[in-house]
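Beneath this line is the structure, given in structure tokens, with notes to follow.
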Amino acid sequence: MHNMEWYRVFYWTAKLGSLTQAAGQLNITQPAVSHTLKHLEASLGSTLFVRTTRGVTLTSDGEALYHYVDQAMRFIEMGEKTMADRQDLLTGEVRIGASDSLCAHYLLPVLETFNRQYPGVRIRVTNRTSPETIALLKAGSIDFGIVHLPAEDESVAFVKAAKQQDVLVGGPRYAELAARPLAVRQLVDWPLLMLEQGASSRSYLDAYARGHGVELKPEIELGSVELLSSFARSGFGLAVIVKDYVRAELAAGSLVEIPLDPPIPARHIGIATLRHLPLPAAARHLSEQLLAAADGEEDWI
């Protein structure tokens, strides 16, 4: 493949039929145009132009080459327009990974606004646990992930977004427990509902309990926060859930908050990206909106 600039010079000379006009289009001198065309002709072993009193015209070999170069230039122009449209968010794609609960309570409200603003941008969401989301990010399957912090990975950067507070809740039948703080060691005296092993929220709760010398053994393990809430409302036991996720149930009295002693430390939602790899324009804009909606602290880890 010869220097692409040679073909640009050839294209504009053939299109305009003038070395002078081609030089003006390309912002170079006429001798530079002539010199470049000689190089191209020598490399191809063909004469491409014939000089006339009005400029230059293509030879039969030049016509044959122009047929292909013209198509190539049109494809390049289309590519450049596509890139410009992607930068302007007229088109493009955002690939996001997040858990069910983060999708419903954190991502969806911002996605609705983003979709109204940029309807030409395609949005793809993959529902996975936080550890699985990080694996998807490292595999290049998503642009960024929304995960529960804390999380660590040398190849991934995390920025803290919304703060989350986990609370112990139960159905109305456990209302008497809300009268005074429940010691962590007393959790083993009550039926517990917990997420399945592998969820970052489960790991965080297990680590909290072990830090106080308690090994939690749930009566029931469930696959989503929504199921935890449903089973807790039905009286099957106590569950630890992010307070923002069950504010309506707490306000309605279908769940009651039971204070823990000591309280579970607050944690954050994190936006995970690959280190040293800039986000595409659409993904960058969406991540900025997510941070703005959560009053993000811009605290990179």
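The values are calculated or read from the model by the stated rules, or taken from the named source; none is laboratory data. Because the structure is predicted, anything quoted here is derived from the model rather than measured. All Cβ positions, even for glycine, are placed from backbone atoms using ideal geometry, and neighbour counts span all protein chains on display. Side chains included, ligands, DNA and RNA excluded: accessible areas come from the protein's heavy atoms. Shrake-Rupley method; radii C 1.70, N 1.55, O 1.52, S 1.80 Å.
Tabulated data for the structure shown
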quantity: Close pairs (8 angstrom Cβ cut-off, 6 or more residues apart or separate chains): farther than 15 Å from TYR208 by Cβ in the stretch 166-182, in a helix (DSSP H, G or I) and aliphatic (A, V, I, L, M) anywhere; calculated: VAL169/ALA232; VAL169/VAL246; VAL169/LEU250; GLY170/LEU177; GLY170/ALA232; GLY171/ALA232
quantity: Matching residues, the stretch 25-42, being more than 13 Å from TRP6 (Cα to Cα), without any contact (Cβ under 8 Å) to a residue 12 or more places away in the chain and surrounded by 14 or more Cβ atoms within 10 Å (Cβ to Cβ); calculated: GLN30
quantity: All positions within the stretch 234-248 that are farther than 25 Å from ARG128 by Cα and either among the aromatic types (Phe, Trp, Tyr) or surrounded by 13 or more Cβ atoms within 10 Å (Cβ to Cβ) (or both); calculated: PHE236, GLY237
quantity: Residue ID - nearest to ALA209 (Cα to Cα), chosen from residues in the stretch 256-279 that are aliphatic (A, V, I, L, M), surrounded by 14 or more Cβ atoms within 10 Å (Cβ to Cβ) and under 34 Å from the mean Cα position of the chain (by Cα); calculated: ILE264
quantity: Filtered residue count, the stretch 153-182, keeping only those that are closer than 16 Å to GLU257 by Cβ and not in a loop (DSSP other than H, G, I, E, B); calculated: 15
quantity: Conditions (1) in contact with a helix residue (DSSP H, G or I) (Cβ under 7 Å, 6 or more places away or on another chain); (2) surrounded by fewer than 16 Cβ atoms within 10 Å (Cβ to Cβ); (3) on the phi < 0 side of the Ramachandran plot: number failed by GLU219; calculated: (1)
quantity: Residue among ARG124, ARG116 that is of a type in the set (Lys, Arg), in contact with a strand residue (DSSP E or B) (Cβ under 7 Å, 6 or more places away or on another chain), open to solvent by 50 Å² or more (accessible area, probe 1.4 Å) and farther than 21 Å from PRO265 by Cβ; calculated: ARG124
quantity: Residues located in the stretch 72-99, provided they are within 18 Å of VAL9 (Cβ to Cβ) and either open to solvent by less than 80 Å² (accessible area, probe 1.4 Å) or outside any helix (DSSP H, G or I) (or both); calculated: ALA72, MET73, ILE76
